[in-house]
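Engineer: Got a structure for you, written out below as structure tokens; questions coming shortly.
Please treat every number below as a calculation from the coordinates, not as lab data. This is a predicted model, so every value here is computed, not measured. All Cβ positions, even for glycine, are placed from backbone atoms using ideal geometry, and neighbour counts span all protein chains on display.
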Amino acid sequence: MATATESKSAPAKTAPAKSGAAKEKAAKPRRTRRTSRRDPLAISLLKKDHRQVEHWFDEYEQLESPEEKVALFNQIALALKVHCAIEEEIFYPDERGDVEDDMLDEAYVEHDSAKKMIAEIEAMKPGDEFYDAKVKVLGEYIKHHVKEEEQPGGIFAQAKKGEEDLNAMGEQLEQRKEELMASSKKH
Ligand SMILES: [Fe+2]
Ligand SMILES: [Fe+2]
């Protein structure tokens, strides 16, 4: 379940080119078409979080035992809190200027609503009336929010067209995520 992936997926762009008259133009960097390239690290990392949590919400629906429900919900809650935190601390503020203000403002508000829903569920136990329903509604809400981030013209698409170095930002996001996950384990 631990996903300690190393970020070594970035292709090495600066392989020492052998000199040779026939190849002299090959190494010249050209403007690449962003749309046809793989996502930069920040985006791929955030999308990976999205897929993970969506998968857990689906998995939750199969569960019967209260212990398993609480355990999986706690896992979802932690993942969402950490994901919201790294977006709010790093990704969203850095994207001001590149992404429409309204869209970013709504994203913050949606995070706040999600956190309130999480806190409500944390104060309950499985078996309480509406426990499962609240988890389900939270899952739907998160899916809606993720769509706003990932859809064409959405936050990620605008970010990719912007000025920020999303590979460098990805390193920051990854590091902050690790810190937050580690500190959550101390409590
Ligand atoms: Fe978000
Ligand atoms: Fe997100």
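Engineer: May I have the pair-distance distribution P(r) for the range 76-151, computed from all Cα-Cα distances with 5 Å bins from 0 and rounded to whole percent?
Structural biologist: Over the range 76-151, the share of Cα pairs per 5 Å bin runs 3, 14, 26, 24, 15, 9, 6, 3, 1, 0 percent.
Engineer: Continuing with this model, one more query. For the range 171-177, in order, what is each residue's ³J(HN,Hα) by Karplus, 6.51 cos²θ - 1.76 cosθ + 1.60 with θ = phi - 60°, in whole Hz (x at glycine and Pro)?
Structural biologist: 4, 4, 4, 4, 5, 5, 4
Engineer: Past 25 Å, Cα to Cα: identify those pairs from 48/136; 81/125; 125/177; 116/161; 136/186; 69/116, in the order given.
Structural biologist: 125/177; 116/161; 136/186
Engineer: Under 37 °C and 0.692 mPa s, how fast does the range 124-187 diffuse according to Stokes-Einstein, given a Kirkwood radius computed over C-alpha pairs? Answer in µm²/s, whole number.
Structural biologist: 220 µm²/s
Engineer: If you don't mind, another one. Please find the FRET efficiency linking residue 178 to residue 119, where r is the Cβ-Cβ separation and R0 is fixed at 22 Å, and quote it to the nearest 0.05.
Structural biologist: Working from the Cβ atoms, E equals 0.35.
Engineer: As a footprinting exposure proxy, order 150, 87, 163 by other Cβ within 10 Å, with the fewest listed first.
Structural biologist: 163, 150, 87
Engineer: Which distance in nm do the two modelled labels at residue 101 and residue 140 give, with both placed 7 Å along the Cα-to-Cβ direction?
Structural biologist: Here the modelled spin labels are 3.3 nm apart.
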